[in-house]
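**Student:** Got a structure for you, written out below as structure tokens; questions coming shortly.
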Amino acid sequence: MVPAPAASAAPAASPEAAAIVFVENDYPRALAEARARHVPLFVDTWATWCHTCLSMKSYVFPDPALRGFASRFVWLSLDTERDENAAVVSKLGVRVLPTLYVLEPASEQPVLAWPGSLTATELADLLGDAELAARRGDAGGEAAAALLRGQQATAGGKGEEAIAAYRAALSAAPAGWPRRPRAVDALVTGLADGKQLAACVTVGADEAPRLPPGTALADVLRAAMSCAEDLPRPAPERARLKDLAGVGERVALDVSQPILADDRSDLYDYVVHALRDLGRADDARRVARSWAAFLEDQAGRAPDPAARAVFDAHRLLAYLALGEPEHALPMLAQSEHDFPADYNPPARLGTALLQLKRYDDALAAVNRALGRAYGPRKLRLWSLEADVFEAKKDRAAARRALEQALDYARTLPLTGGYPKLRDALEKRAAKLR
């Protein structure tokens with residue numbers, strides 16, 4: 001990403017600068033501290049199953065480039081799956097993970113809601129603007145003010161208003177405006193979220209060749225490819241999927257791209273899907289092979305088990321794309337050994353074992369996961385259990401698993417996408433009755 005203006009750039013972190021320390025799952029405490037110190041409140045909304053969230057925790061927040069901001073914000077980490085966080089998660093309107101918020105503490109109004117990940121340098125630029133906006137109520141200049149309005153509208157769930165603001169920001173932007181990639185990223189993401197598929201593809205395909213290397217380019221490519229695949233086959237904009245997939249593959253393979261390994265992996269995933277959609281199965285398999293090799297290399301370089309486990313979800317996806325789920329078993333077994341309280345390794349093992357038709361082993365893995373899981377993610381685990389029972393031709397057991405999920409769902413405050421998941425489980429259970 002092009003550096004932000006000096007007014008919002010991060011200060012150089014001195015070697016003795018304090019590292020960021022998060023308040024864990026205590027919104028009232030963090031808000032009170034932010035108000036007492038008269039600094040903005042940064043909120044990281046995450047979940048243990050979210051590989052991008054874990055990537056931010058292992059590879060971004062500890063980065064020395066952010067240490068200059070440690071005392072300039074109060075930092076709050078919210079596990080969105082925990083019941084005690086449901087009220088604030090609902091208040092913030094969390095829809096995707098991670099979403100990074102900056103709140104003005106006196107009013108609790110968000111000046112920023114950023115869905116997705118960023119490199120440490122990109123996050124420093126974003127934090128500088130958010131700090132200025134929280135202090136002055138604007139970000140300086142017509143284009144920046146429109147970008148801020150869009151970010152605030154996004155935070156408030158006002159999608160159409162956000163899209164209009166992002167378009168206004170781009171129209172008012174001077175040549176060389178350093179926030180332009182961020183505005184394009186936000187616009188294309190907003191169009192995708194609003195199911196404005198044709199516009200999402202058109203803007204994404206037009207803008208991607210003009211964007212500098214960085215996370216915004218990867219985000220725009222992923223969103224535009226997804227929108228193109230969701231368009232009806234006769235839609236003229238769908239023809240641009242071929243070019244988007246080509247650019248996406250080049251970016252994924254370009255090691256000079258300044259993006260997180262997790263984001264590069266995600267781009268690989270989207271390219272594989274796009275190539276399959278285009279009927280290019282051999283090319284999809286070739287890219288999937290490169291994807292798996294990249295992930296194995298990254299896992300091998302990881303400084304600790306937690307950083308290595310960041311790649312578990314995508315390593316499984318890459319091997320499933322290759323039709324080789326057996327290659328995921330050793331690394332998932334290792335993660336279950338390293339993190340015996342985490343439900344994610346056995347849940348992923350269950351998925352791999354299901355594909356291998358080792359149904360009893362898959363059920364055992366899912367049961368281990370259910371024994372460790374908490375919150376609404378358990379609904380997906382019961383759904384996976386039902387998948388295994390259906391594969392075994394045991395419809396009654398599959399129905400019982402889904403009914404357990406629905407009984408549990410009635411005890412929870414469901415936020416984000418979980419009400420839709422509950423509705424889907426109800427329809428599925430009804431078909432099995």
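The values are calculated or read from the model by the stated rules, or taken from the named source; none is laboratory data. As the structure is a prediction and not an experimental result, all values here were calculated from the model. Virtual Cβ from ideal backbone geometry, glycine too; neighbours counted across all protein chains shown. For accessibility, only protein heavy atoms count, side chains too; no ligands or nucleic acids. Shrake-Rupley method; radii C 1.70, N 1.55, O 1.52, S 1.80 Å.
**Student:** Which residues, counting only those in region 297-314, are surrounded by 16 or more Cβ atoms within 10 Å (Cβ to Cβ) and touching a Phe, Trp or Tyr at 6+ places or on another chain (Cβ under 9 Å)?
**Tutor:** Within region 297-314, the first condition is being surrounded by 16 or more Cβ atoms within 10 Å (Cβ to Cβ), and the residues that meet it are 298-299, 302, 307-314.
Result: GLN298, ALA299, ALA302, ALA307, ALA309, VAL310, ALA313, HIS314.
Let's see how each residue does on (1) surrounded by 22 or more Cβ atoms within 10 Å (Cβ to Cβ); (2) touching a residue at least 24 places away in the same chain (Cβ under 8 Å); (3) not in a strand (DSSP E or B):
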{"site": "ALA86", "(1), (2), (3)": "no, yes, yes"}
{"site": "LYS91", "(1), (2), (3)": "no, no, yes"}
{"site": "LEU97", "(1), (2), (3)": "no, yes, yes"}
{"site": "TYR101", "(1), (2), (3)": "yes, yes, no"}
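**Student:** Scanning region 280-296 for residues that are touching a residue at least 24 places away in the same chain (Cβ under 8 Å) and under 20 Å from GLN355 (Cα atoms), which turns out surrounded by the most Cβ atoms within 10 Å (Cβ to Cβ)? Please lay out each step first, then the result.
**Tutor:** Of region 280-296, the ones touching a residue at least 24 places away in the same chain (Cβ under 8 Å) are 284-285, 287-292, 294-295.
Add one more test, that the residue is under 20 Å from GLN355 (Cα atoms), and what stays is 284-285, 288-289, 291-292.
On the way: ALA284: 21, ARG285: 15, ALA288: 24, ARG289: 14, TRP291: 26, ALA292: 22.
Filtering first and then ranking leaves TRP291.
**Student:** Hey, can you tell me all the residues within region 103-124 that are open to solvent by less than 40 Å² (accessible area, probe 1.4 Å) and closer than 14 Å to PHE42 by Cα? Explain how you work it out, then say what you get.
**Tutor:** First, pick out the residues of region 103-124 that are open to solvent by less than 40 Å² (accessible area, probe 1.4 Å): 103, 105, 110-114, 116-120, 122-124.
Of everything in region 103-124, those that are open to solvent by less than 40 Å² (accessible area, probe 1.4 Å) and closer than 14 Å to PHE42 by Cα turn out to be LEU103, PRO105, PRO110, VAL111, LEU112, ALA113, TRP114, LEU123, ALA124.
**Student:** Restricting attention to region 364-376, and to residues there that are open to solvent by 20 Å² or more (accessible area, probe 1.4 Å) and either β-branched (Val, Ile, Thr) or under 13 Å from ARG348 (Cα atoms) (or both), which single residue is nearest to the chain's Cα centre (by Cα)? So that I can check it myself, show each step before the final result.
**Tutor:** From region 364-376, those open to solvent by 20 Å² or more (accessible area, probe 1.4 Å) are 364, 367-368, 370-372, 374; that's our starting set.
Adding the requirement that they be either β-branched (Val, Ile, Thr) or under 13 Å from ARG348 (Cα atoms) (or both) leaves 364, 367-368, 370.
Working: ALA364: 29, ASN367: 27, ARG368: 26, LEU370: 23 Å.
Top of the filtered list is LEU370.
**Student:** Can you find a residue that is in contact (Cβ under 8 Å) with a residue 40 or more places away in the chain and open to solvent by less than 20 Å² (accessible area, probe 1.4 Å) anywhere in region 206-215? Please lay out each step first, then the result.
**Tutor:** Step one: list which residues in region 206-215 are in contact (Cβ under 8 Å) with a residue 40 or more places away in the chain, which gives 212-215.
After this cut, where a residue has to be open to solvent by less than 20 Å² (accessible area, probe 1.4 Å) as well, the list is 214-215.
Checked region 206-215: at least one residue is in contact (Cβ under 8 Å) with a residue 40 or more places away in the chain and open to solvent by less than 20 Å² (accessible area, probe 1.4 Å).
**Student:** Then there's this: What's the number of the condition LYS195 fails, among (1) of a type in the set (D, E, K, R); (2) touching a Gly at 6+ places or on another chain (Cβ under 8 Å); (3) farther than 26 Å from LEU260 by Cβ?
**Tutor:** Just one mismatch for LYS195, condition (2).
**Student:** Among the residues in region 131-148, are any modelled with pLDDT of 95 or more, surrounded by fewer than 23 Cβ atoms within 10 Å (Cβ to Cβ) and farther than 14 Å from ALA34 by Cβ?
**Tutor:** First pass over region 131-148, keeping only residues modelled with pLDDT of 95 or more: none.
No, every residue in region 131-148 fails to be modelled with pLDDT of 95 or more, surrounded by fewer than 23 Cβ atoms within 10 Å (Cβ to Cβ) and farther than 14 Å from ALA34 by Cβ.
**Student:** Here's a follow-up. Considering only region 63-70, I want to know if a residue exists there that is at negative phi and part of a strand (DSSP E or B).
**Tutor:** Residues of region 63-70 that are at negative phi, as a first pass: 63-70.
If we keep only those that are part of a strand (DSSP E or B) too, we end up with none.
The answer is no, given that none of the residues of region 63-70 is at negative phi and part of a strand (DSSP E or B).
**Student:** Test each condition in (1) in a helix (DSSP H, G or I); (2) surrounded by 17 or more Cβ atoms within 10 Å (Cβ to Cβ) for ASP342 and report the one that comes out false.
**Tutor:** Here ASP342 meets the rest and fails (1).
**Student:** Here is a check on your reading of the model: is LYS57 of a type in the set (Lys, Arg), under 13 Å from TYR27 (Cα atoms) and open to solvent by 40 Å² or more (accessible area, probe 1.4 Å)? Steps first, answer last, please.
**Tutor:** Values: of a type in the set (Lys, Arg): yes; under 13 Å from TYR27 (Cα atoms): no; open to solvent by 40 Å² or more (accessible area, probe 1.4 Å): yes.
It is false that LYS57 is of a type in the set (Lys, Arg), under 13 Å from TYR27 (Cα atoms) and open to solvent by 40 Å² or more (accessible area, probe 1.4 Å).
**Student:** State yes or no: is VAL247 β-branched (Val, Ile, Thr), free of Cβ contacts under 8 Å to residues at least 40 places away in the same chain and surrounded by 24 or more Cβ atoms within 10 Å (Cβ to Cβ)? Please lay out each step first, then the result.
**Tutor:** Details: β-branched (Val, Ile, Thr): yes; free of Cβ contacts under 8 Å to residues at least 40 places away in the same chain: yes; surrounded by 24 or more Cβ atoms within 10 Å (Cβ to Cβ): no.
Answer is no for this residue.
**Student:** How do the helices (runs of 4 or more DSSP H) wholly within region 361-433 filter down when requiring 2 or more residues that are at pLDDT below 95: which remain? Before the answer, list the steps.
**Tutor:** On the way: elements: 378-391, 395-409, 418-432.
Once the helices (runs of 4 or more DSSP H) in region 361-433 are filtered for at least 2 residues that are at pLDDT below 95, what remains is 418-432.
**Student:** Next question, about the same structure. Please indicate, with yes or no, whether at least one residue in region 17-33 is modelled with pLDDT of 95 or more, among the hydroxyl-bearing types (Ser, Thr, Tyr), open to solvent by less than 40 Å² (accessible area, probe 1.4 Å) and within 30 Å of ALA347 (Cβ to Cβ).
**Tutor:** Yes, region 17-33 has at least one match.
**Student:** A further question on this structure: In this structure, is ASP282 of a type outside the set (Phe, Trp, Tyr) and more than 25 Å from GLY116 (Cα to Cα)? Quick ask: steps written out before the conclusion?
**Tutor:** On the way: of a type outside the set (Phe, Trp, Tyr): yes; more than 25 Å from GLY116 (Cα to Cα): yes.
So ASP282 fits the description; yes.
**Student:** Taking the criterion of being in contact with a Cys (Cβ under 8 Å, 6 or more places away or on another chain) and within 22 Å of PRO110 (Cα to Cα), would at least one residue in region 160-183 satisfy it?
**Tutor:** Pass one, region 160-183, residues in contact with a Cys (Cβ under 8 Å, 6 or more places away or on another chain): none.
Checked against the condition, which is being in contact with a Cys (Cβ under 8 Å, 6 or more places away or on another chain) and within 22 Å of PRO110 (Cα to Cα), region 160-183 yields no hits at all.
**Student:** Being open to solvent by less than 50 Å² (accessible area, probe 1.4 Å), more than 19 Å from ALA143 (Cβ to Cβ) and at pLDDT 95 or above is true for just one of ASP219, ASP254, ASP230. Which residue is that? Walk me through it before giving the result.
**Tutor:** Working: ASP254 fails: open to solvent by less than 50 Å² (accessible area, probe 1.4 Å); ASP230 fails: open to solvent by less than 50 Å² (accessible area, probe 1.4 Å).
None of the other options fit; the residue is ASP219.
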